[in-house]
Structure formats: C-alpha cells, structure tokens
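The values are calculated or read from the model by the stated rules, or taken from the named source; none is laboratory data. Predicted, not measured: the structure shown is a model, and the values here were computed from it. Cβ coordinates were reconstructed from backbone atoms using ideal geometry, including for glycine residues, and neighbour counts include every protein chain displayed. Heads up: the accessible areas ignore ligands, DNA and RNA and are worked out on the full protein's heavy atoms, side chains in. Shrake-Rupley method; radii C 1.70, N 1.55, O 1.52, S 1.80 Å.
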Amino acid sequence: MRYGIIGTGAIGGYYGAKLAHAGQELHFLLRSDYEYVKQHGLQVDSCDGSFHLTDVNAYQHTEDMPQCDVVLVCLKSVNNSKLQSLLPPLLHDQTLVVLIQNGIGVEEDVQKMFPCVQLAAGLAFICSAKTEPGRVNHQCYGSINLANYSCRDEALMQAVVDEFREAGIETGLVEYHEARWKKAVWNMPFNGMTVALHTQTNLLLKNPSTRQLIREQMMEVVSTAQHLGVKNLDKAFVDKMIDMTDAMTPYSPSMRLDYDFHRRMEIYYLYTRPLEIARESGCPMPKLEMLEAELRFLEAESESAIR
C-alpha cells in the first residue's frame, strides 16, 4: 500500500522510516528540515538497530504528494486545524487516516471535519525524540496498537497491521475506547508531571512521594474509565505501567520537550477534554485537575516570556 506521513517528527519519522526500510512506498511531509532530508536522507538511531534512508520521498506541501491508501497523522494535536487543508490532497474514497496522537476526543473532532473519511486511532508505546534535522533517536519500546474508529473495511485495518508487523513493528488491533483510556493512564500523569516538576520519568518514580502521586493519578484515570464502561482497566494495569516505566531509560515525554522548546503543549486533548468527560460522568479526577491548572499557568508564563 501507499503511505503518507503528515508530521515527520519523532513518531512519524520512526514508523514511516521503518515501513520504508521494509520496502513499503512512503511519502513524507516535512517542514523545517525538508531541504536537509531531501539532500541527506533520514537517519534513525535505534536501540533495535540503526539505519539510514537515502532516497526519501520528501515534500513541503501535500498538494505535491500522491493520493495515499493510508495516511499516518503524527502532528501534535494543537495543529489539527491544519488538517482541513493538509489532508484532502492525499485522500481517495477508501483512504484510511490513522491519528497517531495523544489524548481523548481527537477522532471525534477530526471526523466532524471529514464526515466520510475512514479513521483509526494509533496508540504508540515508544520512547523516541527528534531534536535535530533528519535524525530520529529511538530510545526504547516501539509497539503500536490500532483501534478502529470509523473504518468500514476491517480487512484494510488488518492489512495495515500486517504491513507494520512485516516492518518489524509490534502491532495489534484493539478496541477503541479501551485503547484511548489505557494510553491516558500513562500520558496524563507522566507528560504533565515531567513539565510541572521539570524532571524525567525515572526521577518521578525514584522519589517515594511522587511515585505515590503518579499511582494515584493513574488510578483516577482508571476509575473514570471504569465508570464510563471501559473494560480491562484496573489496578493490575496501573502496576504494569509503573513496572514498564521503571524499566525505561530516563525519558522526557513529548509534552516536556514541547515546553522546553517553547512550543504549545497538548493540554486540551491530554487534560481538558478527558477532565470534562470525567466531571460530566460524575467521576472527577481532582489530582489531574490540579495538574492541568499548573500546566495552564506554566504555558501562560512561557508565552509571556516569549512576548
């Protein structure tokens, strides 16, 4: 199949490069490092084996890209309004758009923009960063789950899973709501806490006080998800996430990098939207509400400093 990547950063660069390295046809939308990648290619430094793509189908505008069978949207969700102009040139009647983005509610809002487009969620479990042009630093993990949101063709979903697996990417098909809320169990505590306390994941878990706070925040997400009827989320899953993070290399999540590089943080879909859902369901998340308020304060202070 022909793949398009919108957002060739730490996530889109890694998964797109893995697929291209395995022989799939990939077309990458790039912004600031377009000229560099066009001239030098794309380098992936990976714990699973590094590799280099020499001839990259790189573009500055989606109008110059071909229509694709699968589009992986790896933009930060703060830029989703741009999809109204970015996506249409890549679409044909059967295109599957996979939103590899953080948070709750992204598919619902993108579907309102494109009522007839087939959507799926991409839930990446990966430690990856891109802090210089044309180079992705993949530190650990790397699996991804796909969850059907509005795809009319289950065979297409399975075909994407199969091609990801053939590229050496651990991939599964999962239920949509379960997948989104499971991802939130990790994302909501760790993304915000690394920003609020200016630290990394390992130090949050090394300190007994913040380790306990992280666990309590995770349980808030689990309680809300259970209240909403989401299955397979419980204390055992929290224990699994804590153990998984203990085994990680010291890591700065995407929100921490966004804050450090004075970029807008994904507060709305990672915090505001799920917190609204929690309150409306009668199962609020007070510790995470406090964390959202701290993030709003830090973002406002950062914006004031830039001005």
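Only one of the numbered conditions (1) buried (at least 19 other Cβ atoms within 10 Å of the Cβ); (2) touching a helix residue (DSSP H, G or I) at 6+ places or on another chain (Cβ under 6 Å); (3) among the aromatic types (Phe, Trp, Tyr) is violated by residue 51, and that is (1).
Here 255, 265 are screened, and the one residue that is surrounded by 12 or more Cβ atoms within 10 Å (Cβ to Cβ), outside any helix (DSSP H, G or I), touching a Leu at 6+ places or on another chain (Cβ under 9 Å) and not aromatic (Phe, Trp, Tyr) is 265.
Among residues that are within 17 Å of residue 269 (Cβ to Cβ) and out of contact with any Leu (no Cβ under 9 Å at 6 or more places or on another chain), residue 112 is included. A count restricted to segment 87-105 and to residues that are buried (at least 22 other Cβ atoms within 10 Å of the Cβ) and out of contact with any Phe, Trp or Tyr (no Cβ under 9 Å at 6 or more places or on another chain) stands at 3.
Regarding segment 72-81, can at least one residue be identified that is within 27 Å of residue 228 (Cβ to Cβ) and part of a strand (DSSP E or B)? Within segment 72-81, one or more residues are within 27 Å of residue 228 (Cβ to Cβ) and part of a strand (DSSP E or B). Only residues that are open to solvent by 10 Å² or more (accessible area, probe 1.4 Å) and either in contact (Cβ under 8 Å) with a residue 24 or more places away in the chain or of a type in the set (Phe, Trp, Tyr) (or both) were counted in segment 106-123, giving 5. Among the residues making up segment 132-159, those that are closer than 26 Å to residue 273 by Cβ and surrounded by 17 or more Cβ atoms within 10 Å (Cβ to Cβ) are 141, 144, 145, 146, 147, 148, 149, 150, 151, 157.
Just one residue in the set 154, 163, 175, 170 is more than 17 Å from residue 51 (Cα to Cα), in contact (Cβ under 8 Å) with a residue 60 or more places away in the chain and not hydroxyl-bearing (Ser, Thr, Tyr); that residue is 163.
Given the criteria open to solvent by 50 Å² or more (accessible area, probe 1.4 Å), of a type in the set (A, V, I, L, M), touching a residue at least 40 places away in the same chain (Cβ under 8 Å) and under 24 Å from residue 276 (Cα atoms), does residue 228 qualify? Yes: the conditions hold for residue 228.
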